[in-house]
Amino acid sequence: MGTPRLARPAPAGRDSLRPYRLTVARKRIVTPHLARITLTGADLAHYTEVGPEPRCKVLLPPAPGAEVVVPDTVPFWDAVRALPESLRPVVRTYTVRAARPADRELDIDFVLHGDNGPAARWAAAARPGDPVGVYGCLSSYDPPADTTGHLLVGDDTSLPAIAGITAALSASVSARVIVEVDGPDDEQPLESAADLTVTWLHRAGAEPGDPDLVLDAVRALPAFDPRTYAWVAGESAMVQAVRSTLVLDRDLTRQRVHFSGYWRRGSAEDD
Ligand SMILES: Cc1cc2nc3c(=O)[nH]c(=O)nc-3n(C[C@H](O)[C@H](O)[C@H](O)COP(=O)(O)OP(=O)(O)OC[C@H]3O[C@@H](n4cnc5c(N)ncnc54)[C@H](O)[C@@H]3O)c2cc1C
């Protein structure tokens, strides 16, 4: 265990936030339930590195085949809300998996969770040339200076962020990762210079969003130093349950547990 040094810049301020008008360059099915969509556009010349888990808003067509209106007036979200409903884009939150501004490219990994959500539906059908907007980015991975180790807990939706965080950790730290995916084919190699221990949990066809699998794995962890920094993201009920067990049963202070509900079983992001 060492200091919590990251190999990339610390989280940036809000001046990194801006809109990007982009199109789909290509799509690759990375694992059975995940599509990596590469977006391209001249706006990416202005892309700013913000940290290891850049989160952004993705603006999608309000109906299949419709244009994506990305306002260029500020405040940006007031301008989006002021659009007539027929032109107002569908907005969802995603993580930039990789950015190559010099090549004007950005990768986003979309979980293909079925046709019940507009973003998953859009990703399943996306073709080169399809229009898309992005507004971002922010990153908030910010462990306290005396952190002795990192605990990253998540599901398919937080895997892009976890991959970014592990890649940013330096060789002097250790990290334990617990991720739930559907099956072995949904696992991905996680690059890291750190001393990494990864536990993959498999739903094996069960409906995603049941907290028990992840919760049991967290409860089964051997004792760890209270100066561990825990980052938990994924389905909301799972995140809440894991946070409670880390704070109440493992004595981590609230400041050492970053938690973020990425989606909620049975609810759309804009519900
Ligand atoms: C900071 C942040 C970063 C995120 N990064 C990513 C990312 O990189 N990749 C990614 O795929 N997602 C990511 N998400 C999660 C993503 O925003 C949600 O899954 C979102 O709900 C998907 O929108 P949708 O239109 O497909 O479904 P919605 O219209 O929001 O929901 C429709 C239905 O689908 C269900 N649903 C939503 N997501 C899932 C899922 N993953 N599995 C099963 N059922 C689901 C809902 O419960 C609802 O019943 C992130 C979320 C946050 C807050």
(request) Taking the dipole about the Cα centre of region 14-138, with the C-beta of Lys and Arg at +1 and of Asp and Glu at -1, give me whichever of A79, L60, Y20 is farthest to the positive side. (result) L60
(message) I'd like the orientation of helix 159-168 relative to the chain: the angle between its Cα long axis and the longest Cα principal axis, in ° from 0 to 90, rounded to 10.
(response) 60
(request) Could you please rank S267, S260, placing first whichever residue has the fewest other Cβ atoms within 10 Å of its Cβ? (result) S267, S260
(request) Any chance you could run the full-extension gain for E269 through T73? It's 0.36 nm times the residue separation minus the Cα-Cα distance, nm to one decimal. (result) 68.1 nm
(request) Give the residues of region 208-233 whose amide nitrogen is closer than 15 Å to a point set 7 Å from the Cα of D146 in the direction of its Cβ. (result) 225-229
(message) Give me the one-decimal nm value for the distance between modelled label points at T245 and A63, 7 Å along each residue's Cα-to-Cβ direction.
(response) 4.7
(request) Would you calculate a helix-derived [θ] at 222 nm for the chain, using -39,500 (n - 2.57) for each DSSP H run of n ≥ 4 and dividing by the full residue count, to the nearest 500? (result) -4000 deg cm²/dmol
(request) List C56, C137 from most exposed to least, where exposure is judged by having the fewest other Cβ atoms within 10 Å. (result) C56, C137
(message) Multiplying the sequence separation of A98 and A220 by 0.36 nm and subtracting their Cα-Cα distance, what value in nm do you get?
(response) 40.7 nm
(request) Could you tell me what percent of the DSSP beta bridges with both partners in the chain are antiparallel, to the nearest 5? (result) 60
(message) Taking the Cα centroid of region 80-126 and of region 230-263, what is the distance between the two, rounded to the nearest whole Å?
(response) 26
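Bear in mind these aren't lab numbers, they're just calculated from the coordinates by the rules spelled out. Remember, it's a predicted structure, so these values are computed and weren't measured experimentally. Cβ: placed from backbone, ideal geometry, glycine included. Neighbour counts: every protein chain shown.
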